[in-house]
Amino acid sequence: MKLIPERFKHSNLFITMSLITVIIIIIVSITITWTTIRMSEQFFFEKFSITNAKVMDQVKDSYEKYHYSVVIASNNLQQSIAIRDMLTEKKESNIERFQSIYGLSELIRRIEPNLAAYEVGIMVAGENGLSYATNDRSIWPITDEELDKSSLAKQTAQTPFKLQYHYDWRPSNDSGSYLVASKALVNRAGEQYGAAYISIRESDFRKFYSTYTSPGNNVFLVDKAGVIVSSSLTEQIGKHSSELKDYEKQIGTTENNDYVIGDFLGREQIIMMEYIPFFDMYMFNIIDKDTAFGNLIDKKKILLISMGIVIVALFIVLLASRRLTNSLSSLVRQIESASEYDFDEYVSVSGTYETRKIGIAFNSMLDELHEYVDQLVLSQKQRRNAELAALQQQINPHFLYNTLASIKFIASQGNIAETDAMINSLISLLQNTIGNVSETITVEQEMTNLRNYVFINEKRYGNKIKVNYFIAPDCADNLVPKLILQPFVENAFFHGFIEKQEGYIHILIWQEDGSLICEVVDNGDGMEETCSLKQQTKKKQQLFSGIGITNVHERIKLIYGEPYGVEITSELKEGTKIRITMPIQRKS
């Protein structure tokens, strides 16, 4: 808020509401616009995918018809006994060889009508070295020697009972790409006596789907290795496409989704896929998104309409917000200036219903505040007086009785000097604690009282417990609450040396980091734990009994605030340390 200029600080609510409103309206508008465009695109995608799915089904039907024709032709070749005899019998002379080739041509000519609808070539090769190909080998550009050494023949021989399609096979010349169906010819004993091959140019194979393609709408036939076998984009034929391989996995594992939208060939595409089981390959229908749908949705017009709606909405909202917050801003100014008049100036009650209610509540609060402050001041005075009176009772009648008994005993022994010293110490102690009603005294005065108290105790109980004083010279005129150390020295005398019969008590006072530190340290019996005064257990409260100790801690917090107070640190059989922290205040 410090960054807001002074003249705008009373309009902070209006500015905040305006910013939030602007952000929300813009976010909502962008979301609605984006959702509208996406839903429109999705609608077109769904309709388009349904239409193209039907087209792909028609293409698939064409493939099935071609496959069925290939199956019929290969079965006829397999079942022909005459062809089997010609491919297995040894031909000794050229005449017999020519007769066999002529016979093969006649038999294959009878099978060709099954494939009459397609531009294909049929080639058979026998184990006796005899081979025959239709159409003058125009659709069979490989020589017999190349065929014997090719992977095509090896793959056919490895699976003799299966009709296979070969897509990665290429002839050695530049006559283009071919798709070849191969079937091993076997007798009833399962022995191979030859092979049949039915080939089709890729350019003729492409005719199955070329009528359904257009610019931006292409078909790709991809084998399981990711190689593009056939495509309406001829420059892509023969290339390996890792992208299509990934989309094959993605579409294949996605339930209830016939298409995906992704990048291909550097453009965003709609990608559909069908698996062709008899070819063992995948057919992709890939539609360029911009080409297909670029003009269907006018995104620029939608954005302009959305921006217009946003501007009108913002103007209305900001105008209404300003009128609603004016009265509240005025009330804030009056409340802010109330402290300048010691909270005696009441605010005006005007504006909206909520603002009037706040004004009335604030004026009522001022009345209650004045009454509460008066009561609080009186209560604080009474509380401090009560605490002071309680502390002054710390030197209780039992102490006075024992002290006077000790004085009487020493007097009966005729020791006039000690008797006189004890009486003087007692008188001085009583004057400073009972007679002096001042709440604070100097450190020097507090030490005088403490020395008198220690002197009386040493005369009563002996001097086995030594008391040492370490007072920094610059602390003598510091003000401290009266009787702040006596309760802890008393506890050290009467509770700190129960098991131990002798020891010491150190009184230390110094200044540290802007605070006055007072410590009472003994090497007596100690306790098991370290704790703050408020965390003492019942056992510790018995060891540190008396109204004086609790009042010291509470009075310090009452006079100086929460950061100050008493902390007790103790270790069993090692002793106890009392640390009192107060602010530095000097006698004026």
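The values are calculated or read from the model by the stated rules, or taken from the named source; none is laboratory data. Predicted model, so just to flag it, every value in this text is computed and none were measured. FYI the Cβ positions are ideal-geometry reconstructions off the backbone, even for glycines, and counts take in every protein chain you see. Keep in mind that these areas ignore ligands, DNA and RNA; they rest on the heavy atoms of the full protein, side chains included. Shrake-Rupley method; radii C 1.70, N 1.55, O 1.52, S 1.80 Å.
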Problem set entry | Filter result for Phe284 (part of a loop (DSSP other than H, G, I, E, B) and surrounded by 12 or more Cβ atoms within 10 Å (Cβ to Cβ)) | no
For this session: Specify which of the listed residues (Val55, Val124, Val59) is in a helix (DSSP H, G or I), touching a residue at least 40 places away in the same chain (Cβ under 8 Å) and under 20 Å from Leu179 (Cα atoms).
Result: Val59
Problem set entry | Residue among Thr134, Thr88 that alone is closer than 17 Å to Arg188 by Cβ and touching a Gly at 6+ places or on another chain (Cβ under 7 Å) | Thr88
Exercise. From the list Leu104, Leu77, Leu147, Leu152, which residue is in a helix (DSSP H, G or I), among the aliphatic types (A, V, I, L, M) and under 17 Å from Glu191 (Cβ atoms)?
Worked result: Leu77
Exercise. Quick one: how many residues across the range 410-464 are touching a strand residue (DSSP E or B) at 6+ places or on another chain (Cβ under 8 Å) and among the aliphatic types (A, V, I, L, M)?
Worked result: 5
Exercise. Between a first residue in the range 408-430 that is over 12 Å from Lys459 (Cβ atoms) and in a helix (DSSP H, G or I) and a second residue that is of a type outside the set (S, T, N, Q) and at pLDDT 80 or above, which pairs have beta carbons less than 8 Å apart while being 6 or more apart in sequence or on different chains?
Worked result: Leu429/Tyr453; Leu429/Ile456
Exercise. For the range 465-523, which residues satisfy the criterion of being open to solvent by less than 10 Å² (accessible area, probe 1.4 Å), in contact with a strand residue (DSSP E or B) (Cβ under 7 Å, 6 or more places away or on another chain), in a helix (DSSP H, G or I) and closer than 24 Å to Glu571 by Cα?
Worked result: Phe488, Val489, Ala492
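Taking the range 35-57 as the region of interest, how many residues are within 16 Å of Arg206 (Cα to Cα) and surrounded by 13 or more Cβ atoms within 10 Å (Cβ to Cβ)?
2
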Exercise. So is Glu127 touching a Phe, Trp or Tyr at 6+ places or on another chain (Cβ under 7 Å), modelled with pLDDT of 80 or more and not basic (Lys, Arg) or not?
Worked result: yes
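Is it the case, given these coordinates, that Leu558 is open to solvent by 30 Å² or more (accessible area, probe 1.4 Å), more than 27 Å from Lys466 (Cβ to Cβ) and at pLDDT below 90? Spell out how you get there, then give the answer.
On the way: open to solvent by 30 Å² or more (accessible area, probe 1.4 Å): yes; more than 27 Å from Lys466 (Cβ to Cβ): yes; at pLDDT below 90: yes.
Yes; evaluated as a whole, the condition is true for this residue.
Criterion first (at pLDDT below 80, out of contact with any Pro (no Cβ under 9 Å at 6 or more places or on another chain), assigned to a helix (DSSP H, G or I) and more than 23 Å from Leu314 (Cβ to Cβ)) does Phe8 satisfy it? Explain how you work it out, then say what you get.
Numbers: at pLDDT below 80: yes; out of contact with any Pro (no Cβ under 9 Å at 6 or more places or on another chain): yes; assigned to a helix (DSSP H, G or I): yes; more than 23 Å from Leu314 (Cβ to Cβ): no.
No; evaluated as a whole, the condition is false for this residue.
Residue-wise test of (1) β-branched (Val, Ile, Thr); (2) within 18 Å of Thr134 (Cα to Cα); (3) touching a residue at least 40 places away in the same chain (Cβ under 8 Å).
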site	(1), (2), (3)
Gln192	no, no, yes
Ile198	yes, yes, yes
Ser210	no, no, no
Thr213	yes, no, no
Ser231	no, no, no
For this session: Among the residues of the range 565-588, write down those that are within 13 Å of Val480 (Cα to Cα) and either of a type in the set (Phe, Trp, Tyr) or open to solvent by 90 Å² or more (accessible area, probe 1.4 Å) (or both).
Result: Arg586, Lys587
